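For reference, the structure is listed below as structure tokens.
Only the coordinates and a few stated rules stand behind these numbers; no lab work does. Treat the numbers as computed from the prediction; the structure is a model and nothing was measured. In this analysis, Cβ positions are derived from the backbone assuming ideal geometry, glycine residues included, and neighbour counts consider all displayed protein chains.
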Amino acid sequence: MMTMMMNKHFQKRISNQLFDGSKKSSFLNLLLKSGLRIFIILFPFFSFAQEVVSPLPYNPSLFYSPEKNQAAKRQLDTLSLPFIDDFATGTGYPDPARWTDRHVFVNDNYPVNKLSYGVATFDGLNEFGLPHNSNSLVVNGPADTLTSQLIDLSLFTAQDSVFLSFAYQPQGIGDRPDEIDSLVLEFKILDTIWQRAWSTPGSDSIIADPQFKKVHLHLTNPFFFTVDFQFRFRNYATITGNNDHWHLDYVYMSNNRGISDTVINDISILNPATSFLKNYTSMPWNHFAGFENDEKKDTITLSFRNNYLSQQLMDYTFRVYEGFTGTPIYDEAVITLSFPPNSNTSRTFPDDLFLPFTPATTDSVLISIETSITENPISISMENNTVTNHILFHNYFAYDDGTAERAYGVEGQGMKKFAYQFNLNVPDTLRAILIHFAQINDNLSLRELTLAVWKEIGPEEDTLYYRERIPFYYLEERNGFAVYVLDTPLAVSGRFYVGWEQLFPESVQVGLDLNSVATNRMFYYVQGTWRPSGIAGAPLIRPVVGKDTGLIGTEINQPLTATQFRLYPNPAQDFIFIQSDVPLSGIDIFDMQGRIVLSLQQVQNTLEISALKPGLYCARVVNERNQSGTLRFIKL
């Protein structure tokens, strides 16, 4: 018999084997989610290595540091009715024009059976994407808060029929709230007192058909009708990780509403146009052009939802353009569609309408598919009427969408390996491997991996590259990828595999995208045998190929040399962050024509680029020692 310590993800798996999930006590669930280490005699369970999928104790999409927080500006102007937010921006954070805090995660990755594009997700994490309380072993309490800006209700009374409505869903593809958890709505009275107006327990989340539930509340208390009314949502959860998910949508407050006015009068785009790529979410253009029949689907699909209780007419269109240059590729004529009430509908179009396409430059290509709808102007929300899907062709292959909802790894005793299969259409040069590591319960920064590239796996492995003593890097950026530059560029062709070997027992815990599936490209090695993966998802691992672009490997916990700089994220949308060991004194950003489009002499580590047009840029950075570096980045 063997007495061992169980880490969190092993506890979760064992609990699912030993207990019916619907019958587990809330106390047991709380212990398991908290990361509490307990002693247990479980020798049979520890004698075999196996794949594991773990909930994240943090949200990699919400990592940022205070100096990066320029986007966190609060607008303190008092709002007037109507108040509506359907979280269609998908920016990661709540709209500061409507909300005063940033704890919740605005996304379209976690919900199922959606009512519209985008939700606000409540979990056990703070606004930095880290646990609300990472020091305690078992803590359940108030977690995320979503507080409205001040709303002027002084012109109304209880007779004006002011109602607040919203829709919520527990779990989605996230973690199911437990009985001890809850979602709460509170109204502010007397300037400082928060009064509970509604709540639902976690046990309410155990439903066979996880549809969004609608709530409709009448404001009648005279104390509400002031110039500075506010409301807030809060969840009570295990605040030591990315647990106990609730998803919020269609928060709507207005007057002249009745008790039966519970219908969401809105037509929404439900999802962005599907990608036309068949095998990858992103790939180099030279591996796509000329191989379209193998690499693309035949069609794209547009999806919509009618939330009215009546038949509705809707005009819709989609256009395709090259996102970096704005070059039009295809403009669809306006189409009128009528579809049934309270239902979803979709339309499919052949992608040969806009492919093949010959871009001006093949270094980086961004094909953008914008879907737009026009509906009756009485719709409560117009922000979900335009959604764009960007398909990026750059210097790497990816099966994932860039967001990790879980973490993947192999754990147990003995030698363990993981291999991720990629297929090249033309011979190329492997330059680097990008990996997003998710810190779960065990901080593995003192552990070391062996990075490997194989031509073949199986009984007779053909190893192309082998590098020992690779450290783990946990990056404080949105779904940040550690960059492992190969010390010797590797010629590759046809099929090859990238991955790692490990002797330590803990799971490596690579970020796992649950909205993409690359199961048939995933293989793991335990007990001397390679096995096909049984996990539905796509680990965030990306091989970088092509010409030398001056990639700098990630160097965490080591000082950068004076002439080294690092820029991230890349691609970027609104902000770039520049890492340097010496304070910066200036930066010039050039477009591909060599023109300076942005020049700053006093530079912080955060630079806003939202005003730049989409495209490829060079950033020339100078530090206070008059040493410079040049970095390229893509603006989406």
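For the pair ASN256 and ASP581 in one chain, pulling the backbone fully straight at 0.36 nm per residue adds 111.1 nm over the alpha carbon distance.
Take the Cα of SER154, step 7 Å toward its Cβ, do the same at TRP530, and the gap between the two points is 7.3 nm.
With Cα atoms defining each centre, the stretch 275-345 and the stretch 566-636 are spaced 33 Å apart in the structure. The alpha carbons of the stretch 474-544 occupy a box of 31, 30, 28 Å along the principal axes, longest dimension given first.
Looking at this model, which pairs from LYS214/LYS297; LYS114/LYS417; LYS416/LYS547; LYS547/LYS635; LYS114/LYS613 are more than 26 angstrom apart at the alpha-carbon? Result: LYS214/LYS297; LYS114/LYS417; LYS416/LYS547; LYS114/LYS613 exceed 26 Å. Between amide H atoms placed 1.01 Å from N, distances below 5 Å from THR281 occur with ALA398, TYR399, ASP400, all of them 5 or more places distant or on a separate chain. Between the stretch 516-531 and the stretch 103-124, the C-alpha centres lie 30 angstrom from each other.
Separation of the stretch 237-256 from the stretch 364-386 is 24 Å, based on Cα centroids.
Once the Cα-Cα distance is subtracted from the 0.36 nm per residue extended length, the TYR466 to ASN423 segment shows a gain of 13.5 nm. Average 1/r across all pairs of distinct alpha carbons in the stretch 364-439, invert it, and you get the Kirkwood radius: 17.5 Å. Pairs of Cα atoms nearer than 8 Å and 6+ residues apart set the relative contact order; for the stretch 361-506 it is 30 percent.
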